[in-house]
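First comes the structure, then the notes that go with it.
The values are calculated or read from the model by the stated rules, or taken from the named source; none is laboratory data. Since this is a predicted model, take the numbers as computed values, not measurements. Here Cβ is always computed from backbone atoms with ideal geometry, including for glycine, and neighbour counts include all displayed protein chains.
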Amino acid sequence: MPVGLVVVSHSRALADAAVELARGVLPGRDLAVEVAAGDVDGGPGTDATAIAAAVTAADGGDGVVVLMDLGSAVLAAETALELVGADVRERVVLSPAPLVEGLVGAAVVAAAGAARAQVAAEALRGLAAKQQHLSGGPAADGG
Amino acid sequence: MSAVDAAAVAAWVREFTRLVHEQRDELTRLDAAIGDADHGTNLDRGTAAAVAALGARPADDAAAVLTTVAMTLIKTVGGASGPLYGTFFLRAAGALDGDDGRAVAAAVRAGYDGVVARGRAERGDKTMLDALGPACDALDGAVAAGRSLEEALGAAAEAAAAGRDATAPLVARKGRASYLGERSAGHVDPGAASAALLVQAAATALAGRG
């Protein structure tokens, strides 16, 4: 089983669009992504019980990498780990990567069958590549 | 003296719910000053849902009551308050061992420690910890000194209210209010205000027990 991915966002529309973007870079490939976004009424917010359910659903035995947006999404994701089984919990990585960059990078390597640690590392590289690009080179000084 | 049993804990939650509902607009007003103006509404919704859940699934032990409240708040409050208050009740449930003042103090302390860990915050950050922390200290101190739970919770409620008021001049270092930097000073923290209500509710609902 490929490593599962979970997208946690305050906004369902944002999460769905991020997943669509990730699927777009993997034409024809199956991608296991669960979304936990919005509060219990569908408004902006996060729900740790929904995140726990998404993590459990995304775990096919090789673990899960969770990408999240800002603020309370992080607190909710951590709280969700208290609500899943201990066996699942030890296979979950909460990624500090930025949501979009992290998800696209993670999706590519997860679809290729990489292990959880590699998927998590690739998610983080999304930010590093962007920082490197913008911190030097001809474009940085307008040239 | 009757024990702090499931009925007593449920009464605490109902009193907290009543106070939150009564203070809903004030909590939201405080949140509008330094946050996103939803604290009163969110907590009102969540605590009402917790009372409904307790009505639908009455529990006969106090820890189960706390767990039901935790899960309901986590699911329904939204924002940072859901995970934070949820963690408080979840950890309190896990630590509750007994039905006297000492057990209550230990459970509240475990809940407080859970909020510290979840939020990576400390006292002085202008958060709910600024009310809960002094309340824990007062509660622990009074229980250790052999005072009744009623007296101990009275002292805790006073400490929580003082802690809440003391957040006004602080600069927020956690959560959305921290985006404001120095401009967050001059306003009482809404999380500290609701946490003070939680302690005040315990003092009222658990009086005569433990």
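Below are the figures for this structure:
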item: Residue within segment B:139-147 that is within 19 Å of B:Trp12 (Cα to Cα), part of a loop (DSSP other than H, G, I, E, B) and either modelled with pLDDT of 95 or more or not basic (Lys, Arg) (or both) present; result: no
item: Filtered residues of segment B:57-103 (kept if without any contact (Cβ under 8 Å) to a residue 40 or more places away in the chain and among the charged types (D, E, K, R)); result: B:Arg57, B:Lys75, B:Arg91, B:Asp97
item: Where B:Thr47 falls short, out of the listed (1) in a helix (DSSP H, G or I); (2) over 16 Å from B:Ala202 (Cα atoms); result: (2)
item: Subset of segment B:57-88 [more than 10 Å from chain A (Cβ to nearest Cβ) and among the charged types (D, E, K, R)]; result: B:Arg57, B:Asp60, B:Asp61
item: Residue check, B:Asp31 within 14 Å of chain A (Cβ to nearest Cβ), buried (at least 24 other Cβ atoms within 10 Å of the Cβ) and over 16 Å from the mean Cα position of the chain (by Cα); result: yes
item: So A:Arg125, is it among the basic types (Lys, Arg), under 19 Å from A:Pro2 (Cβ atoms), away from chain B (no Cβ under 14 Å) and surrounded by fewer than 18 Cβ atoms within 10 Å (Cβ to Cβ); result: yes
item: Condition check for B:Leu54: touching a residue at least 12 places away in the same chain (Cβ under 8 Å), closer than 20 Å to B:Val115 by Cα, more than 10 Å from every other protein chain (Cβ to nearest Cβ) and buried (at least 20 other Cβ atoms within 10 Å of the Cβ); result: no
item: Residue count, segment A:82-95 (criterion: of a type in the set (Asp, Glu) and not in a helix (DSSP H, G or I)); result: 2
item: Given (1) more than 15 Å from the chain's Cα centre (by Cα); (2) surrounded by 24 or more Cβ atoms within 10 Å (Cβ to Cβ); (3) more than 14 Å from chain A (Cβ to nearest Cβ), number of the condition B:Val108 does not satisfy; result: (1)
item: Count of residues meeting criterion [surrounded by 24 or more Cβ atoms within 10 Å (Cβ to Cβ) and either within 8 Å of chain A (Cβ to nearest Cβ) or farther than 16 Å from B:Ala6 by Cβ (or both)] in segment B:89-104; result: 3
item: Filtered residue count, segment A:12-56, keeping only those that are within 13 Å of another protein chain (Cβ to nearest Cβ) and either over 27 Å from A:Glu82 (Cβ atoms) or not in a helix (DSSP H, G or I) (or both); result: 12
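Okay, residues lined up against (1) buried (at least 20 other Cβ atoms within 10 Å of the Cβ); (2) modelled with pLDDT of 95 or more; (3) in a helix (DSSP H, G or I); (4) within 14 Å of another protein chain (Cβ to nearest Cβ):
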| position | (1), (2), (3), (4) |
| --- | --- |
| A:Gly61 | no, no, no, no |
| A:Val65 | yes, yes, no, no |
| A:Leu70 | no, no, no, yes |
| A:Ala77 | yes, yes, yes, yes |
| A:Ala80 | yes, yes, yes, yes |
| A:Ala97 | yes, yes, no, no |
| A:Gly102 | yes, yes, yes, no |
| A:Ala107 | yes, yes, yes, no |
| A:Gly113 | no, no, no, no |
